[in-house]
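Peer 1: I have a structure I would like to understand better, so I am pasting it below and will then ask my questions one at a time.
Nothing in this text is a laboratory measurement; each read-out follows from the coordinates by a stated rule. Model, not experiment: these values are computed from the prediction. All Cβ positions, even for glycine, are placed from backbone atoms using ideal geometry, and neighbour counts span all protein chains on display.
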Amino acid sequence: MNTRSIPDRLQSSLERKLKSWESLLMLVAIGIFVANSFASPYFLNAWNLSDATYNFTEKAMIAFAMALLIISGEIDLSVASIIALASTAMGAAVQMGVGAEGLVLIGLATGLVCGAFNGILVTGLGLPSIVVTIGTMSLFRGISFIILGDQAYRGYPSDFAFFGQGYVWWVISFEFVLFAIIALIYGVILHMTNFGRAVYAIGNNPTGALFSGIRVGRVKFILFLLTGLMSGIAAVCLTSRLGSTRPSIATGWELEIVTMVVLGGVNILGGSGSIPGVVIAAFVMGLVTFGLGLLNVPGIVMSIVIGGLLIGVIALPRLWTMWRTR
Amino acid sequence: MTKLLASREALLMVAIAFLLAIIAWRFPAFVVPSNLLAVFNDTSPLILLAIGQMIVILTKCIDLSVAANLALTGMVVSLINIAAPGLPVIFIVLIAVGFGTLLGMFNGILVWKLAIPPIVVTLGTMTIFRGIIFLLTEGKWVNSHEMSDSFKSVPRADLLGLPILSWIAIATVILFTIVMTRTSLGRAFYAAGGNPHAATYAGINVGKTQFWAFTISGAIAGLTGYLWVSRFAVAYVDVAAGFELTVVAACVIGGVSIMGGIGTVFGALLGALFLGIIANALPVVNISPFSQMAISGGAIIIAVIVNAQANRTPGRIILKKAEHAK
Amino acid sequence: MSTSDVPILSLEKVTKTFPGVRALSEVSIDLYPGKVTALVGENGAGKSTVVKTLTGIYKPDGGEIRIDGVAVQFPTPQSAENAGVTAIHQETVLFDELSVAENIFLGHAPKGRFGLIDTRAMQRGAQEILDGLGVKIDPSTILKELGTANKHLVAISRALSVDARVVIMDEPTAALSHAEIEELYELVDGLKAQGKAILFISHKFDEIFRIADNFTVFRDGQMVGDGAIADVTEAELVKMMVGRDVNQIFPERDRNLGEEVLSVEGYDHPTEFADIGFSLKRGEILGFYGLVGAGRSEFMQALFGTTKPSAGTVRVDWAEVTICSPADAVSHGIVYVPEDRGKQGAIVDLPIFQNVTLPSLKQTSHRGFLKLAEEFKLAREYTERLDLRAASLDTNVGSLSGGNQQKVVIAKWLATEPKVIILDEPTKGIDIGSKAAVHEFMAELAAQGLAVIMVSSEIPEIVGMSDRVIIMREGRIAAELDRHDISPEVLVSHAAGIMEATA
């Protein structure tokens, strides 16, 4: 009997980290930061930078949940519509005199219910999530339109404004703190728990995971619930920040959130990705948006940059490999 | 024949007939032939785009950039029309198709040669194409009075009782029905999406087939770009914003499976008509147009559930009695 | 029947490498018109690679392909087809959503006016080929409605639809019934008479000696012997395949059967199996034999909870349990080592240690948080028990050999300390040295009190290892026999249904 033993690891963790996507993205982020500080004198201002964070904090909260969902092999395109519905629900509650705490509960609950609805359709009926959530995307926002039409709800209680407009300490906004806490929680869940391990397993090989005794349906259902919940939280923040609700709120956000996730190194086909990557991607997108905004570049042109970045970060490594193996 | 009756297309026709019946009960004037033809004409752009999207989805891809392609091409030909009002419309049409084809090929090359997932590619090109519109015009609109008369009138021109726009849709339906059922390329689309592994053994280059799917989708989007800006006599950045999801919805309702390999031109046509009827009927039946989104969303979800049932593989057939029972 | 000196198709010192593996090393093969050449070798010897090289799916990295003595290249599968090479592949590579006729003619459909596909000619052509095979299928049937055996016949029809000079058959009889196999032999005789060259890949010696004229033996990607079938014996072929004298010896066993641990009654499924029932004792090895497509794996997967039976009861240690998911099965001590290692057995893009600990995370973790040290400890314990060969516990399973991948899967399940372990074709695609190791191991497990269910299509394995054998045919149990009553002939007769025919 051979007693030669197998080592645990061949490559140290540090080595692996340095060669990764996250490092590449970090370099991009630093590059953009430096470029921005040269491009505009208003950039390196604490309050301005703090304002800049609003560009991405709400989307990033959802992006963390979306990242887990995409790693598991699914997707949820209805997140922006969940925000709309949750916001509408809160607005309706305001008309009925509900106070700030109640509003938060309603926002979160709406998010959870929508998430559960998606989850049941995908895991209970075995339907492909991309088309199911294209459907619920219309359904949820559609319900908001039915309730609200082209009106807007206003009249949110003043203490409700804290979530979206409040500051915890100096320039650090409540939203930023919330974003950081959520990032930490998701980072722990994905990288340090059994649940996170199951998510990776399912994303790499759903059949193999099932055959290994993982309750695939249950895990995916929970991921949809979480995505809904995060959308609810984001709805509370956004509504609080805007001080009003319209059914068209957060239009187009789902695609920006998916962009943030993919830019963060998560494979759209599932199986790999990390939370630190998504955090850096959130900063990259925020920096680009803020920096270009300072230069008075219109939003739509910024989208070109983001769209180009999205394709570029995936295409360039492949072009590089193709060039090298000629 | 019995196969036809049991098929998902038949089910959809029944659903449409039912829909028309309900509408007719409340508003009989809706179902008079002249109105139905008007609805068909109104739905023609959706029919065209749905056919292109169907081909892409068949090959296990998705094209989220069709609406942006449409808008960009529409703007480009509008600008050409302003610069050269004497240019005959037929050349405008050729330029539109050509330009749309180029945009489609761009998507196709990224998917084929760089193996970037289609959802990522088209998410990127979606924003890039629209951004280019802004760069071309600095956000300015092209208005009706700037367009030449022939530019605007050709699609509306009456030919044997139907506008040319409708005829183009009909011709495209017929053309692609033939292509999909009677040409090698058409069958290759089904094979490449239905079983990519086996398709390679059959000598089909899956990546190349997907490239052609995106090219065709782009060409149709380009053509529809001209038809759209001409019909509405206006071109601007946000033309057809969000329409790409309506197009995917039409395909899903029409029985095209998002997993690839399943779907027909006729199905895409029916799916588009279903949505078109709803869109046109709501204002007339006194249901708030704000309900349109929710109804579409509900229709998509129901369609996905029904199609999933129909497409369910019956499991390995081992018991002899089970095979002969079919 | 004339023999020509120039082979229609030959490989001349062909080499094919993949990252880390030399699939073919300077192999040469000659296929003569009107002759059947048998290609023999163990799994992993390079047979499928040869087929894929001859049909243009792979391009050789060295050496030449020659048609009629002239060097050619096959840049695409289409060019191989145009040169007259057609193949029946081992895996059914067909399209479920297309009709039988379309499957037969995909890629070379008859064209009519304007270059459009002539559907009527296609239907007629398909009907002709099917009739020629004696197969009663309507060409317009959608493929997914057919059973496995019929799908395979469609695959054969597809190969025949090309006017080929060379016909390659890769394990063509795996899913066929006795009668259908005889038809295939007649078909091969017919093709020979037409002067076609045939490459026949099989591991069943009775078939090889029945229809082959020549033979070529591969081992580890190299050609190690060839010649006329008349000049060689089965033992010599085996020796060439394996490289040494082999009398397959199975481990001696102390048969200590314990209490009944598992009992199954009345398991039914709408399309896959019916009325399956048996019992199993601790320390017992129960063999499940049958032809490919008999429904054994399907039943095992229902027992393991991945599919739902329409009826049936399961008792573990006398208590009735409900199994609706693999997680349920594992919690009751029933584990399953699947035939499809890559898709169902292991998660190939994850590291070895993660694969091994996946069902046991509750044990290695602390309140839901991963404890890597504990995981490595568990993984080390069980991979050492199985003598796993790998660069590190952190390497991905996908980089391991077939035998080692199997060890990871078995290690994973042993770590859950199960009561019943189901092994589905456990030594398929594994070299003979590892096979013996797996058999030894199975005997050890049984000796330790585990109950083992072994699904296998290899007669020596069934005869050598089982305490009892259940033979399945077309989804039902055809017979249950004690090991004293088994012999290769009895097994085959029950599996093929001959027993019943003569009863």
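Peer 1: Spelling out what I want: for every residue of segment C:479-495, take phi, set θ = phi - 60°, compute 6.51 cos²θ - 1.76 cosθ + 1.60 (Karplus), and round to whole Hz; glycine and proline get x.
Peer 2: Whole-Hz 3J(HN,Hα) from phi for segment C:479-495: 6, 10, 10, 7, 5, 5, 9, 9, 8, x, 5, 4, 4, 5, 4, 5, 5.
Peer 1: Can you tell me the FRET efficiency between A:Ile185 and B:Leu136 if r is taken as the Cβ-Cβ distance and R0 is 41 Å, rounded to the nearest 0.05?
Peer 2: Values: r = 45 Å, r/R0 = 1.10.
Taking R0 as 41 Å, the efficiency between A:Ile185 and B:Leu136 is 0.35.
Peer 1: Still on this structure, I have one more. In segment C:108-185, which trypsin sites (Lys or Arg not before Pro) are in a loop and have at most 13 other Cβ atoms within 10 Å, using DSSP for the loop call? Before the final figure, lay out the partial values.
Peer 2: Working: sites: C:Lys111, C:Arg113, C:Arg120, C:Arg124, C:Lys136, C:Lys144, C:Lys151, C:Arg158, C:Arg165; in loops: C:Lys136, C:Arg165.
When the trypsin sites (Lys or Arg not before Pro) of segment C:108-185 are filtered for loop state and at most 13 Cβ neighbours within 10 Å, C:Lys136 remain.
Peer 1: Within chain C, what is the longest stretch that has no GluC sites (Glu not before Pro) placed in a DSSP loop and near at most 12 other beta-carbon atoms within 10 Å?
Peer 2: Numbers: sites that count: C:Glu91, C:Glu252, C:Glu259.
The reported range is C:260-503.
Peer 1: I've got another one for you. If you take every DSSP beta bridge fully contained in the protein assembly as shown, what fraction is antiparallel? Give it as a percent rounded to 5.
Peer 2: Values: 51 of 85 bridges.
Antiparallel bridges make up about 60 percent of those DSSP assigns within the protein assembly as shown.
Peer 1: In addition: My understanding is that a pair violates if its Cα-Cα distance is over 20 Å; which of C:Lys343/C:Lys428; C:Lys377/C:Lys419; C:Lys204/C:Lys435 do that in this structure? Spell out each step's value before the answer.
Peer 2: Numbers: C:Lys343/C:Lys428 15 Å; C:Lys377/C:Lys419 22 Å; C:Lys204/C:Lys435 18 Å.
Correct reply: C:Lys377/C:Lys419.
Peer 1: Continuing with the same structure: Test of the criteria: in segment B:247-304, which chymotrypsin sites (Phe, Trp or Tyr not before Pro) are in a DSSP loop and have at most 12 other Cβ atoms within 10 angstrom of their Cβ? Spell out each step's value before the answer.
Peer 2: Working: sites: B:Phe266, B:Phe274, B:Phe290; in loops: none.
In loop regions of segment B:247-304 (DSSP not H, G, I, E or B), there are no sparsely surrounded chymotrypsin sites (Phe, Trp or Tyr not before Pro).
Peer 1: Sort out for me the Cα centre separation of segment B:33-59 from segment A:185-260, rounded to whole Å.
Peer 2: Taking the Cα centre of each part, segment B:33-59 and segment A:185-260 sit 35 Å apart.
Peer 1: In segment C:9-242, what percentage of the DSSP-assigned beta bridges are antiparallel, given to the nearest 5? Intermediate results must be reported in sequence, preceding the final value.
Peer 2: Values: 23 of 40 bridges.
Antiparallel bridges make up about 60 percent of those DSSP assigns within segment C:9-242.
Peer 1: Of B:Gln53, B:Gln309, B:Gln292, which is the most mobile in a GNM of chain B whose springs link Cα atoms less than 10 angstrom apart?
Peer 2: B:Gln309
Peer 1: In addition: Set Lys and Arg Cβ to +1 and Asp and Glu Cβ to -1, take the dipole of segment A:43-312 about its Cα centre, and tell me which of A:Ile275, A:Ser129, A:Ser212 lies farthest positive.
Peer 2: A:Ser212
Peer 1: State to the nearest 20 debye the size of the charge dipole of the protein assembly as shown about its Cα centre, where the only charges are +1 on K and R beta carbons and -1 on D and E beta carbons. Write down the numbers at each step before the final one.
Peer 2: Numbers: 84 positive and 95 negative charges, 567 e Å.
Using Cβ point charges on Lys, Arg, Asp and Glu, the protein assembly as shown gives about 2720 debye.
Peer 1: Follow-up question, since we're still on this one. Restricting to lysine pairs 8 or more places apart or on different chains, what number in chain B have Cα atoms under 20 Å apart?
Peer 2: Values: B:Lys3/B:Lys326; B:Lys60/B:Lys113; B:Lys60/B:Lys208; B:Lys113/B:Lys208; B:Lys140/B:Lys152.
Total qualifying Lys-Lys pairs in chain B comes to 5.
Peer 1: So how strong a dipole does segment C:9-242 carry about its Cα centre when Lys and Arg Cβ are +1 and Asp and Glu Cβ are -1, to the nearest 20 debye?
Peer 2: On the way: 23 positive and 33 negative charges, 130 e Å.
Value, rounded to 20: 620 debye.
Peer 1: Give the shape of the protein assembly as shown as rounded, prolate or oblate, defined through the alpha-carbon gyration tensor: a ≥ b ≥ c are the square roots of its eigenvalues, a/c under 1.5 means rounded, and otherwise the shape is prolate if a/b is larger than b/c and oblate if not.
Peer 2: Working: a/c = 1.85, a/b = 1.41, b/c = 1.31.
In terms of gyration-tensor shape, prolate.
Peer 1: Of the candidates B:Ala233, B:Ala202, B:Ala192, which one comes out as most mobile in a Gaussian network treatment of chain B with C-alpha springs shorter than 10 Å?
Peer 2: Among B:Ala233, B:Ala202, B:Ala192, the largest GNM mean-square fluctuation belongs to B:Ala202.
Peer 1: Separate question: Which whole-angstrom value gives the distance between the alpha carbon centres of segment C:66-119 and segment B:200-251?
Peer 2: 31
Peer 1: If a/c stays under 1.5 just call it rounded; otherwise compare a/b with b/c (prolate if a/b is bigger, oblate if not). Do that for chain B, with a ≥ b ≥ c from the square roots of the Cα gyration tensor eigenvalues. Mind dumping the intermediate values first?
Peer 2: Working: a/c = 1.96, a/b = 1.25, b/c = 1.57.
It comes out oblate by the Cα gyration axes.
Peer 1: Moving to a separate point now. For a test of the definition: using alpha carbon positions, the gyration tensor, and the 1.5 limit on a/c, classify segment A:43-312 as rounded, prolate or oblate. Intermediate results must be reported in sequence, preceding the final value.
Peer 2: Details: a/c = 1.66, a/b = 1.22, b/c = 1.37.
The shape class here is oblate.
Peer 1: Then there's this: Rounded to the nearest 20 Debye, what is the dipole magnitude of chain C about its Cα centre when Lys and Arg each give +1 and Asp and Glu each give -1 at the C-beta? Present the calculation step by step, with values, prior to reporting the outcome.
Peer 2: Numbers: 49 positive and 72 negative charges, 272 e Å.
Dipole about the Cα centre, nearest 20: 1300 debye.
Peer 1: Next question. GNM on chain B, C-alpha springs below 10 Å: top fluctuator among B:Phe214, B:Phe99, B:Phe134?
Peer 2: Most flexible of the set in this elastic network: B:Phe134.
Peer 1: Please give the calculated 222 nm ellipticity per residue for the protein assembly as shown, where each DSSP H segment of at least 4 residues contributes -39500 (n - 2.57) and the sum is spread over every residue; nearest 500 deg cm²/dmol?
Peer 2: Details: 48 runs with 631 residues, N = 1155.
Result for the protein assembly as shown, helices only: -17500 deg cm²/dmol.
Peer 1: Between segment C:212-281 and segment A:275-302, what's the alpha-carbon centroid distance in Å?
Peer 2: Cα centroid to Cα centroid, the span is 62 Å.
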